[in-house]
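**Student:** The structure that follows is given in the form of C-alpha cells.
The values are calculated or read from the model by the stated rules, or taken from the named source; none is laboratory data. The structure displayed is predicted, hence computed values, not measured ones. In this analysis, Cβ positions are derived from the backbone assuming ideal geometry, glycine residues included, and neighbour counts consider all displayed protein chains. Side chains included, ligands, DNA and RNA excluded: accessible areas come from the protein's heavy atoms. Shrake-Rupley method; radii C 1.70, N 1.55, O 1.52, S 1.80 Å.
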Amino acid sequence: MIPDAFADAGFTVERLVMDDGVALTLARIGPRYAESGRRPVILGHGVGFATLAYRGLWQTLSRDREVVAVDLRGHGLNAAGIEATPPQARLATDQAAIARHLAAETGTPPDALFHSYSGVLSLHAEEAEGRLYHRRVFMEPPLIPAGEMEGATEAAAGRDFMAERMKRRRDRFASLEDFARIFRERPEFAWMEPGAPDDLAAAVLVPAEEGGFRLACAPAVESGFYSGNTPEGLWDLLARAKRAPGLVAPSLMIAGRRPAGITADPFTAAITPVAARAGGFDLLQLADITHMLPMERSAFIATAATAFFDEPVRGSLPSDR
C-alpha cells in the first residue's frame, strides 16, 4: 500500500474507520509517544498533493517523534474508490476523528503541521468540534476572504478559475519521470529540493489500467476541492480565538515571499499574514519561497515547527506542555 519509493522508510500502516464506515489509511513513522515523550504530529497536504511527497518534513520530524501522514479522501493513500469530491464538512469530520483518535491513544492532543487546504480543514474541524490540537503549524492556508473583506471577490474568482483549470489538467503519464520532468523544467518550480519532483511523482501517481500512470486524484475530483473551499464561519472563529486564546490550538502560520519574477499563486502568500493577525497567531515569513514550500525548505520548516511544538506554553501546567 505504501508506494515503492517510500517502502523502505519504515512506515507502518493503520486503517482508521470513520463514522460513515469508510476506512482511511494513516501512514505512521517515528518513535511512539510512550517512547519519545513527544506528541505525535499529524502531517497534512494541499489539494492535488499527497503527504508522502513531503519527505524532507516527515524524515526530519520522525527522528524524535511520531509523524502520522494523512492523505485527504481522493488523494494518495486514500484515493481508491473516490469518484466525486467529498464535501468540506465530511473532510473536516475526518480531521477531527483522526485528532481524537491520536489523543485517545496517547492521552494528550496531537500537534499538527498542515500544508495549504488541510490547514483550512483543521479550522473547520475546530469550528465544529472545539479545540483538537496541542499546537498547529500552517503552511500557507488558502483561507478565502469572506463577505465585505478586501480581496473577497478576487479570491473567489481565483478559486473558481483554479477549479475550472483543474478539470482540464493532464492526468496520464508514460512514467514517473514523465511527471517529475514537469517540475524539473518549469522555472516556477526551480526552488524545489533536488529529489522532490521524484517524491511528488511517486506519491500522487498510481498505475493506469491501460499502462503508464495516472493521477490518484482525478482532475474532476481535484477541481471540486477548489470550488468547495469556502470560509463559512472561519473568520468569525479567528476573531473569537484572538479574544479568547485557547478556543483553538495555538498556531504558527508560515508564508513565503515569492522569488523575483515568480507571479504564480500570490494569494496564499498574501492571505496568510491576514489570517495570522485575525487569529492572533504567530507568523513566520520566508524570502524566496513559493506555495511548494514543504518541498523547498523542508529542513528549516521542520526545525521551526519542532521549536514551536516544544515551546512551553506560558502559564500552563506541565501536563499541558
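**Student:** Ignoring ligands and nucleic acids, what accessible area does residue 98 show with a 1.4 Å probe (Å², nearest 10)?
**Tutor:** Ignoring ligands and nucleic acids, residue 98 comes out at about 10 Å².
**Student:** Sorted by accessible area (1.4 Å probe), largest first, how do 33, 54 line up?
**Tutor:** Result of the area sort, largest leading: 33, 54.
**Student:** Let me ask something additional. What is the gain in length, in nm to one decimal, between residue 161 and residue 80 on full extension, counting 0.36 nm per residue of separation less the C-alpha to C-alpha distance?
**Tutor:** Between residue 161 and residue 80, full extension yields an extra 26.5 nm.
**Student:** Moving to a separate point now. Calculate, in nm to one decimal, what residue 146 and residue 34 gain on full extension: separation in residues at 0.36 nm each, minus their alpha carbon distance.
**Tutor:** Extending this stretch completely gives an extra 36.1 nm.
**Student:** Which order do 93, 263 take by accessible area at a 1.4 Å probe, largest first? The partial results should precede the final answer.
**Tutor:** Details: 93 40, 263 115 Å².
Most to least solvent-accessible, the answer reads 263, 93.
**Student:** Ok, one more. By the scheme Lys and Arg +1, Asp and Glu -1, what is the net charge of all other residues having a beta-carbon under 13 Å from that of residue 138?
**Tutor:** Net charge in that neighbourhood comes out at -2.
**Student:** Here's a follow-up. Testing the spin-label approximation: label points 7 Å from Cα along Cα→Cβ at residue 105 and residue 263. State their distance in nm.
**Tutor:** 4.6 nm
**Student:** Please identify the helices of the chain, taking whole runs of DSSP H, that span at least 20 Å along their own axis as judged from the Cα atoms and have a mean Kyte-Doolittle score of 0.0 or higher.
**Tutor:** Values: long enough: 88-106 (28 Å, -0.15); 152-167 (23 Å, -0.56); 266-279 (21 Å, 0.79).
Span-like helices here: 266-279.
**Student:** Continuing with this model, one more query. Would you grab the residues whose amide H sits under 5 Å from the one on residue 284? Only those 5+ places off in sequence or on another chain, please, with H modelled 1.01 Å from N.
**Tutor:** Those lying under 5 Å, H to H, from residue 284 are 253, 254, 255.
**Student:** Just to make sure I understand: if all protein chains stay in place, what is the order of 284, 132 by accessible area at 1.4 Å, largest first?
**Tutor:** 284, 132
**Student:** Ok, one more. Averaging over every viewing direction, what projected area does the convex hull of the Cα atoms of the range 1-149 cover, in nm²?
**Tutor:** If you wrap the Cα atoms of the range 1-149 in a convex hull and average its projections, you get 9.3 nm².
**Student:** While we're on this one: Report the extension gain between residue 9 and residue 209 in nm, rounded to one decimal, defined as 0.36 nm multiplied by the number of residues separating them, less their alpha carbon distance.
**Tutor:** Full-extension gain reported as 69.3 nm.
**Student:** Quick one: net charge of residue 193's neighbours, Cβ under 11 Å, K/R +1, D/E -1?
**Tutor:** Charge balance near residue 193 sits at -1.
**Student:** Run the helix sum for the chain: -39,500 (n - 2.57) per DSSP H stretch of 4+ residues, divided by residue count, reported at 222 nm to the nearest 500 deg cm²/dmol.
**Tutor:** Helix-only estimate at 222 nm: -12000 deg cm²/dmol.
**Student:** Here's something else I'd like to know. Modelled label-to-label distance, residue 311 and residue 282, 7 Å Cα→beta-carbon offset: nm?
**Tutor:** Roughly 0.2 nm, to one decimal.
**Student:** So, one more: Semi-axes of the equivalent ellipsoid of the chain: what are they in whole Å, largest first, if each equals the square root of 5 times a C-alpha gyration tensor eigenvalue?
**Tutor:** That gives 27, 24, 20 Å for the three semi-axes.
**Student:** May I ask you to evaluate 6.51 cos²θ - 1.76 cosθ + 1.60, the Karplus curve with θ = phi - 60°, for each residue of the range 5-19 and list the ³J(HN,Hα) values in order in whole Hz, giving x for glycine and proline?
**Tutor:** 4, 10, 5, 8, 6, x, 5, 10, 10, 10, 10, 10, 7, 7, 5
**Student:** Can I ask one more? Report the net charge of residues surrounding residue 269, where surrounding means a beta-carbon distance below 15 angstrom and charges are Lys +1, Arg +1, Asp -1, Glu -1.
**Tutor:** -2
**Student:** Shifting gears a bit: Taking the Cα-to-Cβ direction at residue 182 and at residue 242 and moving 7 Å from each Cα, how far apart do the two end points lie in nm?
**Tutor:** For the pair residue 182/residue 242, the computed spacing is 3.8 nm.
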